[in-house]
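Quick notes on the structure that follows.
FYI, it's all coordinate maths here, none of it is from the lab. All values derive from a computational prediction rather than experimental measurement. Cβ sites come from the backbone with ideal geometry, for glycine too, and all protein chains shown count toward neighbours.
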Amino acid sequence: MLIPTTRETPANANSVSHQLLVRAGFVRQVSPDRYALLPLGQRVVHNLQKAVRREMAAHGAIEITLPASSTSQSVNHANQLVISCITSYRQLPLGLYHVASQNPDPEASGLAGALDPHVIETFHYRADGVATSHSSSLEVIEKILKLCALPLVRAADTGGSAVLYPCQSGPDMFLASDKGNYTATVRACAVPRSGYELGGLPHGELEKIHTPGMHTIDEVARYLEVRPDSILKTIVYEAGSDDPGAAYAPKWVVAVVRGDHQVNDAKLLAAARQFNATWIRLTDNEELRSRFAIGFVGPNAAMRQFFAVLIIDHDAAQDRAWVAGANEIDYHVKNFNWFRDAGDRIADPIKTAVADIRDAVPGDPSPLGDGGVLRELRGHKIASIQDRLATGARYVDESGSRREIVGSYSRIDLTRLLIACVEQHHDENGIIWPIGIAPVQVCITPIRYEGQTREVADRLYAQLIAAGVDAILDDRDARPGYKFADADLVGIPVRINIGDRGLKEGKVELKLRHEQTPQLVPLGDIQRRVSDLLTSDPESD
């Protein structure tokens, strides 16, 4: 077996899980930003896959294999499959899933961003809605988290919900009300609607200022000696519509938020739908730069372009003396006023909208409006569920009419689940794996691998393997303390220590990883005791 344990803590490991998974030989760095999953890590992932397969089968889902791809491509491939195979209501409902390895998440940090995600993606298709599919997906996820003995936190997410393991070293940020009744991803967290004022009188003459090479909010704020929240951040998106029946869709969406805020693309797209846009994207091309002074765009740039619309966040749509881009390379303006400098079309609903288009931040009020305040919550996003999946597929119902097939989608990241398990289950000696997902269930440790001790260890190992127990025999020529420390570091749930002294009495030591003191057990009873321990866990396979 390849188990390269080490007593040294890796210098670049910034979390307990990262440290222990490297030290216990589950992962190993193979390039500056990439890690390989070694046999023990692969075993845990495999056990998680088995558990998910068991639960998916219990819910009537069928496993398929889709081409290796990103999440969006997987969804498209599954939809194409349904389009080509499903024609009648008699074929629905249908549950499909596949197991895949994907490229690392570029936004994830730490070990979660350096390991390839091993994921389970599920696709549920129904003729009568998606509520049942969502419930089934949550049941599967809850079962898996129970198997891992992990706490479950549900969070609102764009188009559905997410399941997270809260952990201070987690790579993902969520927002939770201090009242404990609301949690959401940053992408989905709403900001309560506030009043706005675009018609206020100017606070001073418009002043054009040379700001050479200053493209960022922080650079401009330092140079002009103003706070970032007094600057208008203006970002231009290319836009369009996939709806052939749409009469008009903008070519450009100009989004404006306060300088200390970030544009939320999902919210912006939702707001842009009122202008018939069905997609938006950041782009950088010759046409864009011929129309907009990128890096120095002002909010009123939208008024100068016929095929552009302006969407302003509530916090930016206020009566203040704003700093903004001057729509000229290397220039900004002071005392920007919405009504004076954007003109009458600032009030034209065909041209301008005010909406919640920014990321929520800690300190914002809870969207529930109950006086709660949002706080940062770090964690691992273990799973996500999309409530309604656009399939483009049609079926013939009982009356002979053609109707749309609706679906839901879920994604369970088993690599992050492995990391979360280590964060949750460890002590000063190493990992403590739940039996149901442990890489090895039993470690047989002879004090000296020779003579009668060796004969007993070999025989017991063969018996356990024949009985279906996932056992490992430590036959290394090493000190007993070194072997014991390795078994604890790896986190093997059950250890059987065999030595000459105990064998003289016909006994061996039975040591459970989560207990301090071993038990002396008659050699003839040890197989039954191990079997009882493993089967006493109702979630073990």
- prompt: Mind listing which GluC sites (Glu not before Pro) in segment 66-163 are in a DSSP loop and have 12 or fewer other Cβ atoms within 10 Å?
  reply: GLU107
- request: Treating cross-link reach as a plain straight distance, find the lysines whose alpha-carbon is under 17 Å from the alpha-carbon of LYS483, omitting any fewer than eight places away in the same chain.
  value: LYS511
query: Under 24 Å from the Cα of LYS233, which lysines turn up, not counting those fewer than eight places away in the same chain?
result: LYS208, LYS251, LYS267, LYS334, LYS351
In order through segment 373-387: 3J(HN,Hα) via Karplus (6.51 cos²θ - 1.76 cosθ + 1.60), integer Hz, x for Gly, Pro: 10, 6, 10, 6, 10, 8, x, 9, 7, 7, 8, 9, 10, 9, 5
Answer label for percent of Cα pairs over 40 Å apart (calculated), chosen among [x] 41; [y] 31; [z] 70: [x]
task: State whether segment 335-455 is rounded, prolate or oblate according to the following rule on the C-alpha gyration tensor (a ≥ b ≥ c being the square roots of its eigenvalues): a/c under 1.5 gives rounded; otherwise a/b larger than b/c gives prolate, and the remaining case gives oblate.
output: oblate
message: Rounded to the nearest angstrom and ordered from largest down, what semi-axes does the equivalent ellipsoid of segment 431-509 get from its C-alpha gyration tensor (root of 5λ)?
response: 20, 15, 10
task: Quick one: grab the alpha carbon gyration tensor of segment 207-355, order the square roots of its eigenvalues as a ≥ b ≥ c, and give me rounded if a/c is under 1.5, else prolate or oblate depending on whether a/b is larger than b/c.
output: prolate
query: Given H placed 1.01 Å from N in the peptide plane, which residues other than close sequence neighbours of ASP319 have an amide H under 5 Å from its amide H?
result: GLU197
field: Calculated [θ] (222 nm, deg cm²/dmol) that DSSP helices of n ≥ 4 give over the chain, each run adding -39,500 (n - 2.57)
entry: -8000 deg cm²/dmol
message: To make sure I understand the rule: partners must be lysines, Cα under 23 Å from the Cα of LYS146, and not fewer than 8 residues away in the same chain. Which ones qualify?
response: LYS50, LYS381
query: What nm distance separates the two modelled labels at VAL226 and ALA57, each placed 7 Å from Cα along Cα→Cβ?
result: 6.5 nm
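With a ≥ b ≥ c the root eigenvalues of the C-alpha gyration tensor of segment 389-541, is it rounded (a/c under 1.5), prolate (a/b larger than b/c) or oblate? Walk me through the intermediate numbers first.
On the way: a/c = 3.70, a/b = 2.60, b/c = 1.42.
It is prolate, given that a/c is not under 1.5 and a/b is the larger ratio.
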statement: If each part is reduced to its alpha-carbon centroid, segment 93-120 and segment 299-341 end up apart, in Å, by 41 Å
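If exposed chymotrypsin sites (Phe, Trp or Tyr not before Pro) are those in a DSSP loop with at most 13 other Cβ within 10 Å, what is the longest stretch of the chain that has none? Write out the running numbers ahead of the final one.
On the way: sites that count: TYR248, PHE306, PHE307.
Counting at most 13 other Cβ atoms within 10 Å as exposed, the longest clean stretch of the chain is 1-247.
I need the Kirkwood Rh of segment 16-111: take the reciprocal of the average 1/r across all distinct C-alpha pairs and report it in angstrom.
16.2 Å
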message: For ILE405, what residues show an amide H to amide H distance below 5 Å, using hydrogens built from the backbone and excluding near sequence neighbours?
response: ALA393, ARG394, TYR395
message: Starting from the 7 Å offset along Cα-to-Cβ, what nm value, one decimal, do you get for the label separation of ASP397 and HIS203?
response: 5.6 nm
